[in-house]
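Data block below; observations after.
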Amino acid sequence: MKRRFLPYLLIAPLLLIELLAIILPSILNVGYAFTDWNGLGEPVFTGLDNLRTLVSDRVFWISIKHNVQWTIFFLTVPIAMALIGATIASRLGRRQMLFRIIFFVPYVVAPAVNAEIWRYILNPQTGIGAVLERNFGWEWANIAFFSNSDWVLWSIANVDNWHWWGFLLVLYLSAMQSIPPELFDAARVDGANRRQEFLHVILPGIRPTLVYTLVLSMTASFLIFDYVWILTEGGPAHASEVLGSFMYKQAFYRYNVGYASAIALGMTALAAAFSLTFPVLRKRGWDI
């Protein structure tokens with residue numbers, strides 16, 4: 001009897017924390033999505049009114065578009081950079097540990113610190129562009145990245161990428177080191193060049209890790225909030241608005257918590273849809 005119930009007893013504190021911090025708030029959020037509530041008084045049930053308003057809200061669709069653009073960026077640029085960097089670093093032998101540390105450091109630095117560093121670097125008055133303009137007359141190099149509606153979203157994405165791609169590089173590098181050396185030797189004997197070796201040995205060898213990072217990048221892209229909020233708060237004129245910043249403004253600036261809950265419900269549904277790709281791929285025989 002003791003052996004049977006002891007594991008459940010030991011895991012009970014963790015389950016209690018999960019219930020209070022995750023499950024219960026999630027259930028309450030679903031309920032609030034169908035109410036008119038300012039966060040203080042009594043919620044008033046309004047049915048599907050919030051969802052109808054959401055569908056016709058122009059800023060909501062702008063935010064969706066930016067989240068999709070952000071997702072496309074993070075499914076291409078950082079993954080390509082990490083794959084190339086990991087492939088090069090894997091040939092450095094023992095010296096690769098230094099590059100692991102260098103590229104991984106930005107990932108462990110707090111987003112607020114990373115954002116402030118890049119806010120200073122890209123500042124049009126004191127940043128690197130201003131220095132180049134003053135010293136070399138390169139006016140084209142001094143761009144107001146965070147106040148130009150054409151540049152702002154991609155500028156924030158690159159700031160986020162600065163910390164993200166190093167994390168991917170370390171994952172890919174670890175996966176590459178688990179590939180049996182005999183496969184590389186066989187490829188060289190068959191006359192494979194570097195490109196063929198990458199396509200037919202490295203990519204199949206790290207496929208589980210690659211698929212995992214693809215799903216992780218998709219999920220994280222629809223939940224992005226911190227870098228956008230710290231650098232621009234979704235501005236200028238909603239040019240960098242994403243679902244996370246849009247929801248935050250509704251909840252804490254306009255005190256429309258019911259509407260914010262509806263936005264959060266939509267974000268959860270999108271993130272869950274991406275997460276469901278794991279069991280689907282497993283059923284299809286993918287080793288992930």
- [ ] Per residue of the range 253-269, in order, report the coupling 6.51 cos²θ - 1.76 cosθ + 1.60 (Karplus, θ = phi - 60°) as ³J(HN,Hα) in whole Hz, putting x for Gly and Pro.
- [x] 9, 9, 6, 9, 5, x, 5, 4, 5, 5, 5, 4, 5, x, 5, 5, 5
Open item on the list: Under a Cβ-only charge scheme (Lys and Arg +1, Asp and Glu -1), can you give me the dipole magnitude of the range 69-153 about the Cα centre, in debye to the nearest 20?
Closed with: 580
- [ ] Can you give me the three principal axis dimensions of the range 71-234 from its C-alpha atoms, in Å, biggest first?
- [x] 57, 38, 26
- [ ] Have a look at TYR248, TYR227, TYR212 and tell me which one the Gaussian network model of the chain (Cα, springs below 10 Å) gives the largest fluctuation.
- [x] TYR212
- [ ] Could you pull out every residue, at least 5 positions away or on a different chain, whose amide H is within less than 5 Å of the one on ASP36? Hs are placed 1.01 Å off N in the peptide plane, and Pro or chain starts have none.
- [x] VAL44, PHE45, THR46
Task: Phi-based couplings in Hz for the range 165-171 (Karplus 6.51, -1.76, 1.60; Gly and Pro marked x) - done: 5, x, 5, 5, 4, 5, 5
Task: Computed [θ] at 222 nm, helices only, for the chain once each DSSP H run of length n ≥ 4 contributes -39500 (n - 2.57) - done: -21000 deg cm²/dmol
- [ ] Assuming R0 = 35 Å, can you tell me the calculated FRET efficiency for the pair LEU24 and THR76, based on Cβ-Cβ distance, to the nearest 0.05?
- [x] 0.40
TODO: Mind checking which of PRO124, ALA82, LEU98 is farthest towards the positive end of the range 71-234's charge dipole, using Cβ charges of +1 (Lys, Arg) and -1 (Asp, Glu) about the Cα centre?
DONE: LEU98
- [ ] Work out the charge dipole of the chain with +1 on the Cβ of Lys and Arg and -1 on the Cβ of Asp and Glu about the Cα centre, then indicate which of ASN193, ASN38, GLY266 is farthest towards its positive end.
- [x] ASN193
TODO: Would you indicate which of (1) 158; (2) 185; (3) 222 is the value of volume of the Cα convex hull per residue in Å³ derived from the coordinates of this structure?
DONE: (3)
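Laboratory data are not the source of any read-out in this text; all were calculated from the coordinates shown. Because the structure is a prediction, the values reported are computed rather than measured. Ideal geometry is used to build each Cβ from the backbone, glycine not excepted, and the neighbour counts take in all protein chains shown.
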